[in-house]
Ligand SMILES: [Zn+2]
């Protein structure tokens, strides 16, 4: 019953939610470019304010060595499980700018699609979770499970401050399950559920000038 009322609320407030998502996408939160530091801070403040406005009472902006984490909690059902929702509000650089058909930080509707840097990585997906929480809180006044939201501003630069934070706050971040919508979708009509994620492995290769030269000579010999 509360799910159907929440869904009805989400549908009835679709236009308002879309306008808010567009406000979210307008922040040029490019974590890889230090000149956008003040945009990152403005966006973090905006997001924290938004989470408070939808009815989450316990919202913190947590400073790190670089970009703040946003943590929001609703733990009003101690007998129920706890869900951890992860998302990131930083985005990739928008270069090359001349390849965009509309400005990257001026979100534009093209048919049913919202086009803008970060609209689908990860601000849009993250916002669906936020709007789901709002829909429950504004109709039932409570959530069906306990929820901890952890939103970061450094995913696109390798999350340097996320792990140290989680390690330091293992107890308060503890959850029965975690959900993030920052993974693959197979197509516009083919949503996908990725499960049993185990993290990523990064490797690199370093090529020294001497070896590169000898490889190049070998390559030329092969070619001639
Ligand atoms: Zn992402």
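The simple spin-label model puts a point 7 Å past each Cα toward its Cβ; for residue 192 and residue 8 those points are separated by 3.7 nm.
Paramagnetic label reach from residue 23 (point 7 Å along Cα→Cβ; backbone nitrogen cut-off under 12 Å): within segment 51-95, residues 51-54. Each peptide in 85-94, 52-61, 177-186 gets a packing score, the mean of other Cβ atoms within 10 Å over its residues, and the list from highest to lowest is 85-94, 52-61, 177-186. Residues considered: 77, 205, 44. Largest GNM mean-square fluctuation over the chain, using C-alpha springs under 10 Å, is found at 205. Within the chain, DSSP assigns beta bridges of which about 55% are antiparallel (rounded to the nearest 5). A Förster radius of 25 Å combined with the Cβ-Cβ distance from residue 171 to residue 142 puts the calculated FRET efficiency at roughly 0.60.
The angle between the Cα long axis of helix 2-12 and the longest principal axis of the Cα atoms of the chain comes to about 70 degrees, rounded to the nearest 10. The C-alpha atoms of the chain define a longest principal axis, and helix 209-223 lies at about 70 degrees to it. Among 192-198, 104-110, the peptide with the highest mean count of other Cβ atoms within 10 Å heads the list, and the full ranking is 104-110, 192-198.
Its alpha carbons considered, the chain gives a radius of gyration followed by a Dmax of 21.0, 76 Å. When only Cα pairs below 8 angstrom with a gap of at least 6 residues are kept, the chain shows a relative contact order of 25 percent.
What's the FRET efficiency of residue 53 with residue 95 using the Cβ-Cβ distance as r and R₀ = 30 Å, to the nearest 0.05? Given R0 = 30 Å and the Cβ-Cβ separation, E is 0.35.
Relative contact order (percent) for segment 1-91, with alpha-carbon contacts under 8 angstrom and 6 or more residues of separation? Could you put the intermediate results ahead of the total?
Details: 75 pairs, mean separation 20.5, N = 91.
With pairs under 8 Å counted, the relative contact order is 23 percent.
Against the chain, whose longest principal axis is taken from its Cα atoms, helix 123-139 shows a tilt of about 10°.
Mean-square fluctuation check for the chain, GNM, Cα pairs under 10 Å: which of 167, 130, 142 is largest? Among 167, 130, 142, the largest GNM mean-square fluctuation belongs to 167.
Rule-based calculations on the coordinates, nothing more; no lab input. Not measured: the values here are computed from a predicted model. Please note: Cβ atoms are built from the backbone with ideal geometry, for glycine as well, and neighbour counts cover all protein chains shown.
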